[in-house]
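Report on the structure given below.
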Amino acid sequence: MAAADTPSATTLRRRDLCSRGIRLARKMRSDVADLLDIYVERQGLDASVSVAAVEGVPAAAAEHWSEQTGTQRLLDNLAAYRAFRTLLAQMLEEQREQLGDADAALGRALAAVLLQVSAFAYHLEELLELESRGPPGDEGDGPPAPPRLSLFEQKLRGLGVLRELAQWAVRSVRDLRQLARPGPGAGSAPGLAEGQ
Amino acid sequence: MFSCWIWMFILLCGSSVADENSIRDADIFPSSPEIERGSTLKLFCVLGKHYTPQRNASHIIWKLNRELIAQENYNIVNETVSSVIIHNFTYNKAHVKCFIKYLGKEQLLVHTEVKSGFPPDTPGNISCIYYFNVELTCNWTSGRETNLTTIYTLYRKIKNKQGLIMPDSELSSCRSKTESCSFRHPNTPFSNSFCFQVKAQNVLGEASSECVPIAMENIEKFEPPEILSIKKVAGIKQLLTVTWKIPEDIIPAQYLNCQVRYRNLYSNSSEIDTVAVTSEEKVVSLNLTGLWDSTEYSVDVRCIGVESKFWSEWSREKTASTEEKAPSEKVDLWRIIEFSHPAGNRSVHLIWKLLSNIPPPGRILGYKIQYFPENNAALQMTNITANKKIVLPLNEEAYIISVTAYNSAGSSPAAILRIPSTDEKPPEIIETVRTYTTNEEMIVEWISSEPEVTEYVVEWYEELETDPFIRSWQYISNSTKWKANKKIFKPFVCYNMSVYPLYGNKVAAPYSIQAYVQEKEPSEGPVADTDVLGKNEVVIKWEEISKDKRNGFITNYTIFYKPEGGKELNEMVNSDVLHHRLTSLQANTQYTVHIMASNRAGGTSGEPKTFKTLKFNKEDIIFIAIPVGLSMFFLLGLWITCILKKHTFKKVCWPDIPNPAGSVAVEWPLDAPMNNSFLKGVTYEDKTVGLEDVSVLEDCFPEEDHEGLLLMNCEKHVSECTDSNVNGVQNISEHKITLLNGNKKILYNEEHEVAKCLSPSMPYVITGEDFRSQMHSALIPAKKIQPIEMLEDDLRETQQISVKNEKSDNEEALKLEDFSEKTLFNPYLRNSVKTREFLISENLPEHSKNEPKKQPTVLPAFQQNAVGQSYITLDIVGLATAH
């Protein structure tokens, strides 16, 4: 499909998808920030507690971020969000097991973020297709099943997942902005999202 | 068929359980069923255990609403269960009732509501609207009304290349019984990959729509922006700067379009400017240019995402005014001159208004009024006012007046008027004025004798309005016709309309008329009154109805009059006539009259007035009075004649009766009074009673009414006895003699018998110990009637009886003698009849009871006379004389 499009059309399509992706990422970041507040409050955690890196979640920070190609960026993002999708699904399941329907608001917020993460992952797949490279196969397993954790450890792990997701939302905005810039693998995004 | 067997099985199980445990009378299965329209309904009724064995399922009857279902549709399942089948059930909703009929009585056991409907259609026309961070609401159409409880489920799915993904059935769907459903925050994720599907489901089936992809950017609607300020920029005219804030809850990183609508409040015209902004700009400003000076504008703003199809609502309005400039037009000035002061002084009422110039003159701070005598500009006076009116006290000179309006930016050109001097006589230029109306307009048209006059002022005000400031006017140029919208005039109100020609700065004499823009019948009618009432005519008069109730020009009055029980007649007179003579009326007849005042719109009658025509008019009275007067005159003459010829007539009709005292037929004993034992007896009796006790008789008399009646009868008898001869008198004497020897009662009665034969014209004697005065009156004639032998004998006897007391009574007797002598001068005692009535005294019976033994021999005759008091009138004397 991409081959059938004219280059200019591909560029326009990429820009459009990048713009929409940026909105999704920014909305996701906003929702994750709200979710973090609810999560810390409902789980009885200290917002300033430090959490170790969550296993199976790629780190948002990258040493040579500016040197990455567009495709690489998309692949990293896709891998991260697929992992988040699995982790959030686990968190939602754990939350239901722990609280049942007693805390429906937290469950709804988690589900909404999960839905957005899923939607963003599909959005990234669409962008990858546009880059003439199909998305990698989704094994569906995601990160390895975590060892049996205590309730507190589950809470801390959940906090770590959400914090990392918030970081990835910011990085995704920057990646997509980079992708939208002109040039192979990187176009000039409209100045609209420059602020972020 | 299979389902029926299942129902049978359930019922059998259920009925057995019910028989054992239930305390209900009966049960019905299935309960509240919903079936497809036109299908067959089958229901079972289970009879309670306590009904058996007296009653069983064969006693069950079924009704659909209130109609009995035919027996052929019943089926007895077992002893306690009956079923019914209803084919082609087409009711939207109906009640099927199970009764038991036993011994002719129907008893309701149980009933259930049955609904019929249709399976759901496939939902369509799915549309959603996305209130960012608030809710996501989708609507759809459900197609044909199912008439059954239908549940709609809205699914939010992710659609990608691989197909549809149902992320979480619970959190990505919402259920509703209507054609709308919403996801609430925070379950309002943002994605471009969502599609929306609606599934409709009821007992008859389900239907799902396609999953319709809807991009969230396309359906976003956010809160209206907030206007922060509207400012004018100092030194820059015709410009306003609007600043507003973009709402925070908005899809990030998108382009927006905002519309700024600004409305000129002076002209009420609106314009819209559109400006492109981004969602990242929290505050946006826009300069509105090309505005009017000194004009207030109302501004509001709305925004939309460039990809959305839903505008936000308009923001709250804010208003601001542009920079002012000096009014460019002079005011519209007019005057009303009041010549009410002596010595030429007058009040000039100035009124003005702002011309509707464009752009408007801004906020006027005040008005400056300058005026000076035409011949002496040095005497200029200045007044400042914020009102649009002023009263100037001017003298008789001509004045020049100018008025200017000013605002913060300056003053308007001056409007100038000349007030003529009091001795000026303005020329009459207008020949005639007429007014008429069309559907929409009031038109005033006039003819001028001076074609060079091209400017006029039309002035109008309500006829009853006395305040000169409440007047309207308009300058007319190059036309002799003025048109105005009817709406500026009140209907049914009379307006004074004047046309003033203007030449130079002078005002010529006006021409005034009155006009109504619309008329209706008067609010009330005139009150009729009558005047100059006659036998066959009457003058009806009335007063004009007040101006505020005329509602139009009165064109005529109609007088309606109707005799009692007769036909109503009417006569019409002009509006300037306020009285009318009605002729040819019936004499002595009651009429009802009422007046109707009419204008062009109709008439209204006043209160009716009733009057009655006279029986006679003046001529009749004259004709009657003349004969009566003549008759009276004749009678008067006759009477005078009678007076003058009285003696003649008297001699003819009432000849003189000779005085018995002068009679020579009998010689009256001159010493009778001295020796009159009768009087002595009286005095003797008076010793015990007292002379002053005369009044006692008056008290006694009413108690002896029957005696009074007897006396009255006596009078009659007297008249009958008038013709008695001297023998009658002798009979009296005989009676008295008898009475002297009789008992009291007999005496009493006999006295009356005697009285019967005594009449005013007959000599009779009344004596009594309590009646001296009467006795005096009676004694005199008695003394004179000496010729009557009977009485004389009686008196002799009395004298003899009373000899023993003679000495002791001498003094009193002498007194009585004197008294008797005096009464001799009144021999006629016609009025003694009255006195005679008093003879019946209550003392008499007492006297009879108490003193019968003491006085029978002392004063028998007086005892007798005390009752039948004997006295003699001249009548009888006359008669006696005659005899």
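Among what's in the range A:26-81 and is within 14 Å of another protein chain (Cβ to nearest Cβ) and of a type in the set (Val, Ile, Thr), pick the residue that is nearest to the chain's Cα centre (by Cα). Among those residues, the one meeting the criterion is A:VAL32.
Note on the range A:82-93: residues that are more than 18 Å from the chain's Cα centre (by Cα) and crowded, with 17+ Cβ neighbours inside 10 Å total 0. Exactly one residue out of B:LYS105, B:LYS161, B:LYS157, B:LYS115 is more than 14 Å from chain A (Cβ to nearest Cβ) and over 60 Å from the mean Cα position of the chain (by Cα), and it is B:LYS105. If only residues of the range A:1-26 that are of a type in the set (Val, Ile, Thr) and modelled with pLDDT under 90 are counted, the one that is farthest from A:PHE84 (Cα to Cα) is A:THR6. Against the conditions (1) within 23 Å of B:GLU223 (Cβ to Cβ); (2) polar (S, T, N, Q); (3) touching a strand residue (DSSP E or B) at 6+ places or on another chain (Cβ under 7 Å), B:SER172 satisfies every one except (1).
Looking only at the range B:632-652, residues that are modelled with pLDDT under 85 and of a type in the set (A, V, I, L, M) come to 1 in all.
Considering the range B:169-207, the residues that are within 14 Å of another protein chain (Cβ to nearest Cβ), assigned to a strand (DSSP E or B) and not aromatic (Phe, Trp, Tyr) include one that is farthest from A:GLY21 (Cα to Cα), namely B:CYS174.
B:VAL233 satisfies every condition listed in (1) surrounded by fewer than 17 Cβ atoms within 10 Å (Cβ to Cβ); (2) at pLDDT 90 or above except (2). Among residues of the range B:609-628 being out of contact with any Lys or Arg (no Cβ under 9 Å at 6 or more places or on another chain) and touching a residue at least 12 places away in the same chain (Cβ under 8 Å), the one that is farthest from B:GLY552 (Cα to Cα) is B:LYS612.
Scanning the range B:329-363 for residues that are crowded, with 16+ Cβ neighbours inside 10 Å and either at pLDDT below 85 or aromatic (Phe, Trp, Tyr) (or both) turns up B:TRP334, B:TRP352, B:LEU354, B:LEU355, B:PRO359, B:PRO360, B:PRO361, B:GLY362. Only one of the numbered conditions (1) of a type outside the set (Ser, Thr, Tyr); (2) in contact with a Pro (Cβ under 7 Å, 6 or more places away or on another chain); (3) surrounded by 14 or more Cβ atoms within 10 Å (Cβ to Cβ) is not met by B:LEU582, and that is (2).
Looking only at residues in the range B:208-222 that are part of a loop (DSSP other than H, G, I, E, B) and within 20 Å of B:ASN160 (Cα to Cα), the one that is nearest to the other protein chains (Cβ to nearest Cβ) is B:ALA215. Here B:LEU11 meets the list (1) modelled with pLDDT of 75 or more; (2) in contact with a strand residue (DSSP E or B) (Cβ under 6 Å, 6 or more places away or on another chain) almost entirely, failing just condition (1). When you scan the range B:294-306, how many residues do you find that are surrounded by fewer than 20 Cβ atoms within 10 Å (Cβ to Cβ) and either in a loop (DSSP other than H, G, I, E, B) or hydroxyl-bearing (Ser, Thr, Tyr) (or both)? So the answer is 2. If you go through the range B:223-256 and pick out every residue that is of a type in the set (D, E, K, R) and either over 20 Å from B:ASP293 (Cβ atoms) or within 14 Å of another protein chain (Cβ to nearest Cβ) (or both), you end up with 5.
With the requirement that a residue be aliphatic (A, V, I, L, M) and over 12 Å from B:MET596 (Cα atoms), what does the range B:512-549 give you? Hits for the range B:512-549 are B:ILE513, B:ALA515, B:VAL517, B:VAL532, B:LEU533, B:VAL538, B:VAL539, B:ILE540.
Of all the listed residues (B:GLY366, B:GLY410), the sole one being under 22 Å from B:GLU296 (Cβ atoms) and in contact (Cβ under 8 Å) with a residue 60 or more places away in the chain is B:GLY410.
Please specify each residue of the range B:276-293 satisfying the condition of being crowded, with 16+ Cβ neighbours inside 10 Å and more than 14 Å from chain A (Cβ to nearest Cβ). Listed by number, the residues that qualify are B:VAL284, B:LEU286, B:LEU288, B:LEU291, B:TRP292, B:ASP293.
The values are calculated or read from the model by the stated rules, or taken from the named source; none is laboratory data. Fair warning: this is a prediction, and the values are worked out from it, not measured in the lab. All Cβ positions, glycine included, derive from the backbone under ideal geometry; neighbour counts span all protein chains shown.
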